[in-house]
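The values are calculated or read from the model by the stated rules, or taken from the named source; none is laboratory data. The structure displayed is predicted, hence computed values, not measured ones. Cβ placement follows ideal geometry from the backbone for every residue including glycine, while neighbour counts extend to all protein chains displayed.
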Amino acid sequence: MVLALAALLFIAAFAASMLSARHADELGVLYVLPVMLIGLELGVRGGAGGAAIAVALLLIESARYSEPTPVGVAASTCVLLITGLLAGRFGERMRDGRTRQERLLASGLRLARLENLDALPAVLAEELELVLDVASVKVQLRDMPTIEIGRPEDETLRVPISAHNIDVGTLTLGLTAGRSFSPEDRVVAAKLALQAGVAADNQRLLAFERERAALHAELERARTRLASQLRNVSQVLDSEEAERREIARQLHEQAAQAMAGVLFGLQLLERDLDRESTRKQLEEVRSIARTTLVELRRLALSVRPPSLDDLGLTTALETIAEREGSHGARRITVHCGRYPRDLAPELESCAYHVVEDAIQDLDGSLSVRLSADDDRDTLRIELSGHPIYQHEQLLDRLATARARVELIGGTLQASSQTSDRTDIVAELPLRRIPGRSDL
């Protein structure tokens, strides 16, 4: 299209000059436009050829109307030739710049699509040879083998390869003797180095994402296994809780009742015996039976207090307070706020044993608070009293209680606000008996 337009301009300028002999010299200036178009499209040689055509047309016009003067021909030739050469040179530089930009774009895409980071130095060296006319290329990337093509020359250009202000390597280019790097060459080398740095950083991020995905998958598998194990542990705890309830019931209702019957029978036999030795033996047997009965009841309470099933958690905690108050001569205050009364047996048992264990690690008067956090769906137990042990020793003594709480998905923490006051807080996930409403 450009060449066709230039041809039309040549024809138009020549026709106008032939039709208007008076203004032939002025119209000769119009040949500059087609000469410029040919130079821009075909380069320096094309511009020189266009200037030659324009000079030939001018000579034809001048020969028709007057004898051409050497000065006029020389001046027109110089103007047209300079115009063609300048336009041709400008066109060549524009095409070279466009070619380099396209090559840089293709290089960037190739580097960005690399799947193997180890191939980056070799690919970068190949792209540099295609984009720049250099005698040697040396690519050094961190933790990778050095790639070197050609032999080093006196004129070298060293460009750092970096990504996000972090140096990842260097790029060294060499030219043959007598040549030097142009500003365009330096810009192209810097852009390729930047593309290489971005590609290296992308590969690093891709490797990191793959590792993160693999780690995430492994964590998911571990979480699945842990959830399965927790379900198994929960089933075991439920089974053990049921067994403890049955053992406590048997100890309380059967073994303890049987021992009470033995004591009553011994009392009846003692009335019918007159011998002092026999009475002494019966007294010893009765003492053993009485001691055994006390131990059986204590054992039943330690496995699962009957008050948990008969009267609920609040009454069971108040029983602990009364027992400790009578035996230890200290005051334990129990505050039970609003909480569901249809708690699962394992939750009641866990709360009871946590309070029982924590009371043994606090001295003097203390308070026990029981409440439900509706927002977090947890049962909160707070104990506050004077510490018996140092904080580290207290944490060690609470290890069993913490393990019991964590097995059902809860947490237990101990903190000392002052030197003479320690708070123990346990949060248990609310679990209720299906089909049973609050009392």
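Side notes on the structure shown:
- Test result for Glu253, at pLDDT below 75, loosely packed, with under 13 Cβ neighbours inside 10 Å and not assigned by TED's automatic domain parsing to the domain that holds Ser162: yes
- Matching entry among Leu313, Leu366, Leu362 (being within 17 Å of Glu427 (Cβ to Cβ) and either free of Cβ contacts under 8 Å to residues at least 12 places away in the same chain or among the aliphatic types (A, V, I, L, M) (or both)): Leu313
- For segment 161-184, a tally of residues being more than 14 Å from Ala135 (Cα to Cα) and either among the polar types (S, T, N, Q) or surrounded by 13 or more Cβ atoms within 10 Å (Cβ to Cβ) (or both) returns 9.
- In segment 340-356, the residues that are within 40 Å of the chain's Cα centre (by Cα), part of a loop (DSSP other than H, G, I, E, B) and of a type outside the set (A, V, I, L, M, F, W, C): Pro340
- Here Ala316 meets each of (1) exposed (fewer than 14 other Cβ atoms within 10 Å of the Cβ); (2) at pLDDT 80 or above with one exception, condition (1).
- Screening Leu219 on (1) surrounded by 13 or more Cβ atoms within 10 Å (Cβ to Cβ); (2) within 30 Å of Glu406 (Cα to Cα) shows it passes everything except condition (1).
One line per residue, one yes/no per condition, for (1) loosely packed, with under 12 Cβ neighbours inside 10 Å; (2) modelled with pLDDT under 80:
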site	(1), (2)
Ala48	no, no
Arg64	yes, yes
Pro68	no, yes
Thr77	no, yes
Leu80	no, no
Arg93	no, no
Leu117	no, yes
Val131	no, yes
Ala135	no, yes
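- Within segment 383-401, the set of residues being under 17 Å from Val355 (Cβ atoms), surrounded by 13 or more Cβ atoms within 10 Å (Cβ to Cβ) and out of contact with any Ser or Thr (no Cβ under 8 Å at 6 or more places or on another chain) comprises Ile388, Arg397, Leu398, Ala401.
- When Asp167, Asp143, Asp201 are checked against the criterion of being more than 22 Å from Gln101 (Cβ to Cβ), among the charged types (D, E, K, R) and part of a helix (DSSP H, G or I), a single residue qualifies: Asp201.
- When segment 319-339 is filtered for residues that are within 16 Å of Leu308 (Cβ to Cβ) and surrounded by fewer than 17 Cβ atoms within 10 Å (Cβ to Cβ), the ones remaining, listed by number, are Glu322, Arg323, Cys336.
- Cβ-Cβ under 6 Å pairs, at least 6 apart or on other chains, segment 369-391 side assigned by TED's automatic domain parsing to the domain that holds Glu318 and at pLDDT below 90, far side surrounded by 15 or more Cβ atoms within 10 Å (Cβ to Cβ) and basic (Lys, Arg): Ser371/Arg380; Asp373/Arg380
- Qualifying residue in segment 278-287 (condition: charged (D, E, K, R), over 14 Å from Ser349 (Cβ atoms), modelled with pLDDT under 70 and exposed (fewer than 12 other Cβ atoms within 10 Å of the Cβ)): no
- As for segment 171-180, it holds at least one residue that is more than 21 Å from Asp118 (Cα to Cα), part of a loop (DSSP other than H, G, I, E, B) and in contact (Cβ under 8 Å) with a residue 40 or more places away in the chain.
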